[in-house]
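Worksheet: one structure, shown below.
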Amino acid sequence: MDLPTVKPENLEPVYCASVDTSAQNCDRIRQLTDKIYADLEPTHVAVVEALGRIADPSTLTPKQERILSFLENEYNL
């Protein structure tokens, strides 16, 4: 698959409803990603990759929040 790439210096900040909430959720997903990739559970990897592609992490839906919380409990975070 040929995906377009962007150099880090060309990235611009994304403004969302709540920068603090967005940062918290990004940190949660990042910590979870580290644990899941160490375990290599394929289903969990797919789910955390989908969570990582959320356009605005400050506004997780209730289902996304439950999934994130479930995985955090599974990996003792």
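The values are calculated or read from the model by the stated rules, or taken from the named source; none is laboratory data. Keep in mind that this is a model prediction, so the values were computed, not measured. Every residue, glycine among them, receives a Cβ derived from its backbone with ideal geometry; neighbour counts consider all protein chains shown.
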### Query
What are the pairs, 6+ residues apart or on separate chains, where a residue within the stretch 44-57 that is within 11 Å of residue 29 (Cα to Cα) has its Cβ under 7 Å from a residue that is part of a helix (DSSP H, G or I) and small (Gly, Ala, Ser)?
57/22
### Summary
When the stretch 24-53 is checked residue by residue, the ones that are at pLDDT 85 or above and hydrophobic (A, V, I, L, M, F, W, C) are 26, 29, 32, 36, 38, 45, 46, 47, 48, 50, 51
### Task
Consider only pairs whose beta carbons are under 8 Å apart and that are at least six residues apart or on different chains; among these, list those whose first residue lies in the stretch 23-40 and is crowded, with 19+ Cβ neighbours inside 10 Å and whose second residue is among the β-branched types (Val, Ile, Thr) and outside any loop (DSSP other than H, G, I, E, B).
29/48; 32/48; 36/45; 36/48
